[in-house]
Amino acid sequence: MARTKKKRPEKSLAHDRIVELETAINEVRNGRKTSPGTARLLAAGLPRMAQKLAEEATEIVIEAVRGERSAVINESVDLIYNLVVLWSEPGITAPEVWAEMDRRQALLGMAEKLPKEVGAGSTPSAEH
């Protein structure tokens, strides 16, 4: 029996959860759902959204270095939430991000950070 390549499912649990979060954030943005914290963050604008995202990323790093596994999980939820809030400002959707991940998967074999282009203001050793 010949093996066939397993097709990746169209949707995954992670995709579904992020789409649910996008929907909830958009409902708050459009006044159809109440969430005071999200409403304040949306009203504060992109600079505050970016600041919150950076704060959560830093908290994850700190907790990871401390070896606090459960804190990393908790802070990861906060990071994802703040990322999706930030995406909502310019109207970025999860399917757009997944499309870029698919493109990188096809190009590099995994959805990793793209290497810097030599001659585009960086050197190969300055990739990360």
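Looking across V77, V97, V84, V118, one residue alone is modelled with pLDDT under 85, of a type in the set (V, I, T) and either surrounded by 14 or more Cβ atoms within 10 Å (Cβ to Cβ) or at negative phi (or both). It is V118.
The condition of being acidic (D, E) and within 21 Å of T23 (Cα to Cα) holds for only one of E55, E89, that being E89.
Restricting attention to segment 25-56, the residues being surrounded by 16 or more Cβ atoms within 10 Å (Cβ to Cβ) and over 19 Å from P90 (Cα atoms) number 1.
The values are calculated or read from the model by the stated rules, or taken from the named source; none is laboratory data. All values reported here derive from a predicted model rather than from experimental measurement. Methodologically, a virtual Cβ is constructed for each residue, glycine included, from the backbone with ideal geometry; neighbour enumeration extends over all protein chains shown.
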